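Notes to accompany the following structure.
Where a number appears in this text, it was derived from the coordinates with a stated rule and is not lab data. Keep in mind that this is a model prediction, so the values were computed, not measured. We place every Cβ from the backbone using ideal geometry, glycine too, and count neighbours over all the protein chains shown.
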Amino acid sequence: GAGRACLHHTASYGFEHCLDVLLGRPDIETDAKDCLGDTALHLAAINGFPMCAFNLTKAAPETCLIANNAGQTAIDVSVANDRGEV
């Protein structure tokens, strides 16, 4: 729901193994946004899954710079949601 792809769901729920499998696919869109403009990295940061955030950043470092509809990057939402571990 909410315009989210498989990568969004795996990052949102912290399914690290599934995330790694998806990141190994050549057709995965690491910069895909949901209806709020959040990428999978945003969702890993919001929900406090540091290993998912790390693996997403390692696979696609440019996603760190993507802002959602509120103008926030994944780092911004991590701080706003008191997720310092991410």
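Yes/no per residue for (1) polar (S, T, N, Q); (2) touching a Cys at 6+ places or on another chain (Cβ under 7 Å):
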residue	(1), (2)
Leu7	no, no
Ser12	yes, no
Phe15	no, no
Leu36	no, no
Leu43	no, no
Pro50	no, no
Ala67	no, no
Ala74	no, yes
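Could you grab me the full set of residues in region 58-86 that are polar (S, T, N, Q) and crowded, with 17+ Cβ neighbours inside 10 Å? Of everything in region 58-86, those that are polar (S, T, N, Q) and crowded, with 17+ Cβ neighbours inside 10 Å turn out to be Thr63, Asn68, Gln72, Thr73, Ser78. If a residue has to be over 18 Å from Val77 (Cα atoms) and of a type in the set (A, V, I, L, M, F, W, C) to count, how many in region 8-59 make the cut? Matching residues across region 8-59 total 8.
The set of residues from region 31-46 being at negative phi and either surrounded by fewer than 18 Cβ atoms within 10 Å (Cβ to Cβ) or touching a strand residue (DSSP E or B) at 6+ places or on another chain (Cβ under 6 Å) (or both) comprises Asp31, Ala32, Cys35, Leu36.
Within region 41-69, can you find the residues that are in contact with a Ser or Thr (Cβ under 7 Å, 6 or more places away or on another chain) and in contact (Cβ under 8 Å) with a residue 24 or more places away in the chain? If the condition is that a residue be in contact with a Ser or Thr (Cβ under 7 Å, 6 or more places away or on another chain) and in contact (Cβ under 8 Å) with a residue 24 or more places away in the chain, then Leu41, Leu43, Ala45, Asn47, Leu56, Ala59, Ala60, Thr63, Ile66, Ala67 are the ones that fit.
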